[in-house]
Amino acid sequence: MSSKKYQDFQTRVIHECQSPADWQGATLPPIYQSTANVHQTAENLSDTFGGKTADHIYMRLTNPTNNILEQKLAALEGGAGAIVMSSGMAAITNACMALLRAGDEFVCGNSLFMSTYVLFNNIFKKYGISAKMVESTDMAALEAAITDKTRFIYLETIGNPKMDVPDLAQAASIAHSHGLPLLVDNTLATPYLCRPIELGADVVIHSTTKYLSGHGNASGGVVIDSGKFNWATDRFPDFKPFIDRKAELAYRDKVWREHHINFGTTQAPLHSYLTMIGMDTLALRMERHLANAEKVAAFLTQHPAVKWVKYPGLTDNPSCHTAKAQFKGLGFGGILSFGLSDQEQCFRFINNLQMVYNIANLGDCKTLVIHPYSSQYLSFDEQTRQKLSITADLVRLSVGIEAVDDICADLGQSLDSL
Ligand SMILES: *Cc1c(COP(=O)(O)O)cnc(C)c1O
């Protein structure tokens, strides 16, 4: 792969793992759209199954296009290895399942992506696994929830739609003092804004569907292993064969060998390719997302129809200080939520928008809006919605990269009409 080492993220996100010499001179990686790979000898196929060669066998196991994206994402997050998967939820499921056995516990923040909440609270429960949910930014509560049965700590860099930002360095140091790994869903920040491994996290997860691909055209997820966590302790006896086989990449090997290949959470190589095209402009897009979101937050704050705005960049947000320090002044993310009078007004606001799309997605280059209470959280009971801060008056906005004046003009004309 690329021999030159660049320092700046803006350059690295484009040139990391570029290898035209291996790609017939092409500037984009090849799409290996082949389910299985020929082996010249029976010995070679046997050696490949035995892990003695890095050749490919079958798409569900590995794929050369996917491998390029894996190396690129691991490099950008400062990890030692990665596995790309068919969706962010596939990545979250595998990342956690590799650490869990019946009867185990883990500690997580309560500001969770909707399907992550369902997975943790409902699905895992069926197998006797207990997610201890605490306020995401309350580090004392996080530590107090740890028991002998705890296997990991799980947080999101920026919670949505609560827009809270936990102190990841502090969470990592609490986790490590108990011999536990910290897993971080870094989807909303991207490695442009935050690299959790540099703050002490042991595993980083993304839904690449969002900012990384950036254009709403490719689902995907990734699990990135820092390679730094010591699994050779009494808490993780089940890691022994993986440590023996892969040393510092024991966790990646466990996720891959035990879960990813058997659950069949294969990434389509075309989606890896589209994700890599999208990533060429990640830094440029993030710069604009972050700048636009700050301006939109300020615009909404001063509009009389808006009751409240949640955005980590606003000084009244409890996470503002942590976000400023953790994101090194680069920005506060591209998502915000705000309140109108009630659901009926939220619907009217959304229906009156002319440019902004009403859609269940985020991190696209286009500005997107949704009323989570009546959509993603429609089937949740009232008590759970309250616990997750999903109120009927809440609108969530994913600020795009259009001219910010046009975004504010569209939001403004709709707010004025209420
Ligand atoms: C979208 C999202 C996911 C799930 O990703 P999919 O690719 O839709 O499966 C997980 N975490 C966060 C923070 C997300 O925004």
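Confirm whether E16 is away from the ligand (no atom under 16 Å from the Cβ) and of a type in the set (D, E). Considered against the rule, which asks whether it is away from the ligand (no atom under 16 Å from the Cβ) and of a type in the set (D, E), E16 comes out as yes. If you check C96, C108 for being assigned to a helix (DSSP H, G or I) and farther than 30 Å from P30 by Cα, only one passes: C96. Here T93 clears all of (1) under 16 Å from the mean Cα position of the chain (by Cα); (2) more than 16 Å from F263 (Cβ to Cβ); (3) touching a residue at least 60 places away in the same chain (Cβ under 8 Å) except the condition numbered (2). Going residue by residue through region 8-19, is there one that turns out to be over 31 Å from the mean Cα position of the chain (by Cα), assigned to a loop (DSSP other than H, G, I, E, B) and not basic (K, R)? Scanning region 8-19, I find no residue that is over 31 Å from the mean Cα position of the chain (by Cα), assigned to a loop (DSSP other than H, G, I, E, B) and not basic (K, R), so the answer is no. Taking into account only those residues within region 298-319 that are touching a residue at least 60 places away in the same chain (Cβ under 8 Å) and polar (S, T, N, Q), which is nearest to M139 (Cα to Cα)? This residue is S319. In this structure, I370 does not qualify as more than 24 Å from P304 (Cα to Cα) and touching a strand residue (DSSP E or B) at 6+ places or on another chain (Cβ under 9 Å). Take the conditions (1) in a loop (DSSP other than H, G, I, E, B); (2) farther than 17 Å from L112 by Cα; (3) not hydroxyl-bearing (S, T, Y); V369 misses just one of them, which is (1).
Filtering S46, S87 for residues that are surrounded by fewer than 19 Cβ atoms within 10 Å (Cβ to Cβ), without any contact (Cβ under 8 Å) to a residue 12 or more places away in the chain and of a type in the set (G, A, S) leaves a single hit, S46.
Condition first: within 16 Å of A305 (Cα to Cα) and among the polar types (S, T, N, Q). Can you find one or more residues in region 393-416 that meet it? Yes, region 393-416 contains a residue that is within 16 Å of A305 (Cα to Cα) and among the polar types (S, T, N, Q).
Tallying residues that are assigned to a loop (DSSP other than H, G, I, E, B) and either near the ligand (Cβ under 9 Å from one of its atoms) or buried (at least 24 other Cβ atoms within 10 Å of the Cβ) (or both) within region 199-208 yields 3. Identify all residues within region 20-29 that are outside any helix (DSSP H, G or I) and either among the acidic types (D, E) or within 25 Å of the chain's Cα centre (by Cα) (or both); write none if there are none. The answer is L28, P29. Residue selection: A54 satisfies the criterion of being away from the ligand (no atom under 16 Å from the Cβ), among the small types (G, A, S) and not assigned by TED's automatic domain parsing to the domain that holds V222.
Considering only region 75-93, I want to know if a residue exists there that is away from the ligand (no atom under 15 Å from the Cβ), more than 25 Å from L249 (Cα to Cα) and either touching a Phe, Trp or Tyr at 6+ places or on another chain (Cβ under 9 Å) or not assigned by TED's automatic domain parsing to the domain that holds D167 (or both). Checked against the condition, which is being away from the ligand (no atom under 15 Å from the Cβ), more than 25 Å from L249 (Cα to Cα) and either touching a Phe, Trp or Tyr at 6+ places or on another chain (Cβ under 9 Å) or not assigned by TED's automatic domain parsing to the domain that holds D167 (or both), region 75-93 yields no hits at all. Summed over region 209-254, the residues that are out of contact with any Asp or Glu (no Cβ under 7 Å at 6 or more places or on another chain), more than 16 Å from the ligand (Cβ to nearest atom) and of a type outside the set (S, T, Y) give a count of 19. Within the set Y6, Y32, Y58, the sole residue that is of a type in the set (F, W, Y) and free of Cβ contacts under 8 Å to residues at least 12 places away in the same chain turns out to be Y6.
The values are calculated or read from the model by the stated rules, or taken from the named source; none is laboratory data. None of the values given here were measured: they were computed from a predicted structure. Because the Cβ atoms are built from the backbone with ideal geometry, glycine has one as well, and the counts that use them run over all protein chains shown.
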